[in-house]
Amino acid sequence: MNQEVTRIVVLTGAGISAESGLATFRGDDGLWEGHRVEDVATPEAFARDPGLVHQFYNARRAKLEEVKPNAAHLALARLDAEWPGELLVVTQNVDDLHERAGSKRLIHMHGENKKAWCLRCDERFAWTGAMGLDAECRACGTAGGLRPDIVWFGEMPYEMERIEDALRECDLFASIGTSGAVYPAAGFVQTARYCGAMTVEMNLEPSQGSIFFDEVRIGPASDVVPTWVE
Ligand code: BV8
């Protein structure tokens, strides 16, 4: 990393967790039991069939117990520990691999699968096991009002003001393992670029937004990210 860079924003997507064994969304495994992600990751889907949506997230939450951070997560955690300037990792992922690798300066803009949100009392809290229709809220004690604390399609991502401030201020924006298919995350590179940042993309293949990047490094994240961090 050259020294005149001081403020870095890193966006990550499902591709950074692929080599840890977590499915991405839009590869050939982009369907889940015959359902398009967009069909099970919406408030309407949850209202229509909460059991199906719980099943979708329970399966992915259970998988988190079997996987661990890979070299790309660990490289970003090293950057977090050693980088003297500003750094913010914004992940679209709802897994906990960045924090397990040691990243501290981290935002989960699409929420976290290991958190529950009670629609009765609006409290959010850690949740590790399966979540069912009769799951009880730890805060208010009522049953049947829990959903995964995840941002679905049509819902506002978390901490957008803080993210947009960081994008306007940064002088280096890096995007890792995302197809550039989902907004507002897919538009971050344009904001950073417009505000004068250098931009680099690291991905297994060119994404929908590759044309907006000054530099594109193609390859698996566990190879490309540690090299970039060095
Ligand atoms: C909002 C949580 C407004 C659920 C997710 C038309 C045009 C523009 C926008 C829209 C539109 N119609 C609708 C919209 C808005 C919509 C959207 O963008 N839709 C898309 C489909 C067009 N966006 C929203 O609804 C967002 N909210 O706009 O709110 C608003 C405003 C005011 C008030 C209220 C509301 C909310 C979007 C969040 C949805 N939730 N996730 C869950 O995770 O289950 S999105 C979901 O997709 C995941 O978070 C995922 O991270 C994200 C993006 O996918 P990727 O991470 O990029 O994963 P993908 O599989 O696509 O790609 C993986 C990449 O990795 C590939 O490129 C692959 O090559 C690469 N890769 C694979 N292996 C490796 C690798 N790279 C490196 N190494 C490897 N080994």
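How large is log10 I(q)/I(0) at q = 0.15, 0.20, 0.25, 0.28 Å⁻¹ when the Debye formula is applied to the Cα atoms of region 156-230, each weighted equally and without solvent? Those come out to -0.49, -0.85, -1.19, -1.31, one per q. Relative contact order of the chain: 24 percent, from C-alpha pairs under 8 Å at least 6 residues apart in sequence. Here Lys68 is the anchor, and the lysines within straight C-alpha reach of less than 16 Å, apart from those fewer than 8 places off in the same chain, are Lys114. Remark: relative contact order (region 76-183) = 21 percent; criterion is Cα-Cα distance under 8 angstrom and separation of 6 or more residues.
A simple spin-label model places pseudo-atoms 7 Å from Cα toward Cβ; at Arg168 and Ala81 they are separated by 3.4 nm.
The packing ranking of peptides 149-159, 109-119, highest mean first, is 109-119, 149-159, where packing means the average number of other beta carbon atoms within 10 angstrom of each residue. Multiplying the residue separation of Leu52 and Arg26 by 0.36 nm and removing their Cα-Cα distance gives an extension gain of 7.4 nm. Look at where the Cα atoms of region 60-107 and of region 124-160 average out, and the two centres are 22 Å apart.
Between the listed residues Leu76, Tyr194, Gln208, the Cα displaced farthest toward the positive end of the dipole of the chain, a dipole computed from Cβ unit charges relative to the Cα centre, is found at Leu76. Placing +1 on the Cβ of every Lys and Arg and -1 on the Cβ of every Asp and Glu, with nothing else charged, gives region 147-190 a dipole about its Cα centre of roughly 200 debye. Expressed as a fraction of 2.2 N^0.38 Å, the C-alpha radius of gyration for the chain is 1.02. Where both bridge residues fall in the chain, DSSP classifies roughly 30% of the beta bridges as antiparallel.
Using the Cβ-Cβ distance between Glu66 and Glu161 with R0 set to 25 Å, the FRET efficiency works out to roughly 0.10.
State whether region 55-133 is rounded, prolate or oblate according to the following rule on the C-alpha gyration tensor (a ≥ b ≥ c being the square roots of its eigenvalues): a/c under 1.5 gives rounded; otherwise a/b larger than b/c gives prolate, and the remaining case gives oblate. Oblate is the answer for region 55-133, as a/c is 1.5 or above yet b/c matches or exceeds a/b. Bridgeable aspartates and glutamates around Lys115 (alpha carbons under 17 Å apart, same-chain partners fewer than 8 residues away excluded): Glu65, Asp95, Asp96, Glu99, Glu123, Asp134, Glu136, Asp149, Glu155, Glu159.
Placing a pseudo-label 7 Å from each Cα along the Cα-to-Cβ vector at Ala130 and Phe153 gives an inter-label distance of 2.7 nm.
Annotation: cysteines of the chain without a disulfide-compatible partner (Cβ-Cβ under 4.7 angstrom) are Cys170, Cys195. Under a model in which nothing but the beta-carbon of Lys, Arg (+1) and Asp, Glu (-1) is charged, the chain shows a dipole of about 380 debye around its Cα centre.
Each value in this text was obtained by applying a stated rule to the coordinates, not by laboratory testing. Everything numeric here is computed off the predicted structure, so don't read it as measured data. Quick reminder, even Gly has a Cβ in these numbers, built from the backbone with ideal geometry, and neighbours come from all protein chains shown.
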